[in-house]
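As structure tokens, the structure follows; a few thoughts come after it.
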């Protein structure tokens, strides 16, 4: 099956915004490739004011329509979220499919969702996006058939009227709420056992899954394709002190993350909000790593997780010249570390920093039980974590970590 041919379109207001606009347009191109398209054309325009009817102005939209015909494009992708009116107006001028950034990301998520929870959350986001845009887009999309932007519930949009979509949204929200409650019960159980949680966060393709595999001994699929990890994954790991922890990996963040996704994935992202420690993985090999770092920080603010204890792991130093000079800095701060998750460099430093951050929440003590006494194992396992056990000549010596009461 041949790839769909796409034109990507971006815009910016001020001269100093041009470099950032080029970066986000390149990111849109990566997203298009992740969805299965081939990018055949670029349009980047400066406008002091966005046109409320056509975003770029009707004349420029006509130019893009002509360009689409000349290049044989199947779709035009806008790097902004189009309003319902803009979408309808542009749709009437451009002869092929018109999608915005939000639709494209939702389409990719529709391909990536595996679990029931993930599929429900994607469908909810798609339906919330679709509802105000029902008028005017159905005829065109039905004429164009399948492909990017028509996956998931989008294929059935003509079968729905507003009332049916509203009913479906209510049902999905109810199911997601039930999932959220189950997750809350699981988190309460983990807290009862005193085991701390660490949540991996970061920009998509920063290397979170590679680091997850390195820390937990898993062999999850690693790919350069954006949004490989969609459903949350939780695994146990052991820190240098002997303290066990639960590590969670979930969807990567991105610039202009659609509000529909932040809302729909709240049940999943609560793993981040409820974690004892956040591990922010940054692709340090990218020239624009600071912008990606900032995009993640903004998303954490939206989630109400910006005040969580956090370690920044600057990853992929194996792609830089003289990586050892970065490793030499790892003793300078408890809040940042330079690593290569792929090569394993700096990972021991990272584990020590995680250990140190988490142990702040615990009282560590050593107790001795003579062989003549019965050890209350059931009480110990409920209140404390056994970090170390030594059989000595006259009894058993235990090193315990008990979570401090907040």
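Only the coordinates and a few stated rules stand behind these numbers; no lab work does. Since the model is a prediction, treat every value here as computed from it, not as a measurement. Virtual Cβ from ideal backbone geometry, glycine too; neighbours counted across all protein chains shown.
A few remarks follow.
- The chain: relative contact order in percent, alpha carbon pairs under 8 Å with at least 6 residues between: 12
- Between residue 389 and residue 3, residue separation times 0.36 nm minus the direct Cα-Cα distance comes to 133.0 nm.
- Dimensionless Rg/Rh of the chain - Kirkwood Rh, Rg from C-alpha atoms: 1.06
- Pairs of Cα atoms nearer than 8 Å and 6+ residues apart set the relative contact order; for segment 362-403 it is 55 percent.
- Fluctuation leader among 97, 312, 15 - the chain, Gaussian network, Cα springs under 10 angstrom: 15
- Crossing angle, helix 347-359 versus the chain [Cα axis fit, 0-90 degrees, rounded to tens]: 70
- Order of 332, 350 - criterion: other Cβ atoms within 10 Å of each residue's Cβ, fewest first: 332, 350
- FRET efficiency, 1/(1 + (r/R0)^6) with R0 41 Å, evaluated for residue 181 and residue 396 via beta carbons: 0.55
- Here the Gaussian network model covers the chain, with springs between Cα atoms less than 10 Å apart; of 345, 377, 42, 377 fluctuates the most.
- For segment 1-56, the relative contact order is 50 percent, taking Cα pairs closer than 8 Å that sit 6 or more residues apart in sequence and dividing their mean separation by the residue count.
- Taking label positions 7 Å along the Cα-Cβ direction at both residue 372 and residue 238, the computed distance is 3.3 nm, reported to one decimal.
- GNM top mover of 14, 235, 336 - the chain, alpha-carbon springs below 10 Å: 14
- Fewest neighbouring Cβ atoms within 10 Å first, the residues 102, 238 line up as 238, 102.
- For the chain, the longest principal axis of the alpha carbon atoms and the long axis of helix 58-71 meet at an angle near 80°.
- Prolate/oblate/rounded call for segment 362-403, Cα gyration tensor, a/c under 1.5 rounded: oblate
- Listed by Cβ neighbour count within 10 Å, with the fewest neighbours leading, 194, 340 appear as 194, 340.
- Inter-centroid distance (Cα atoms) of segment 1-67 relative to segment 327-406, Å: 52
- Beta bridges by DSSP in the chain, antiparallel share as percent, to the nearest 5: 40
- Taking Cα atoms only, the orientation of helix 289-303 departs from the longest principal axis of the chain by about 80 degrees.
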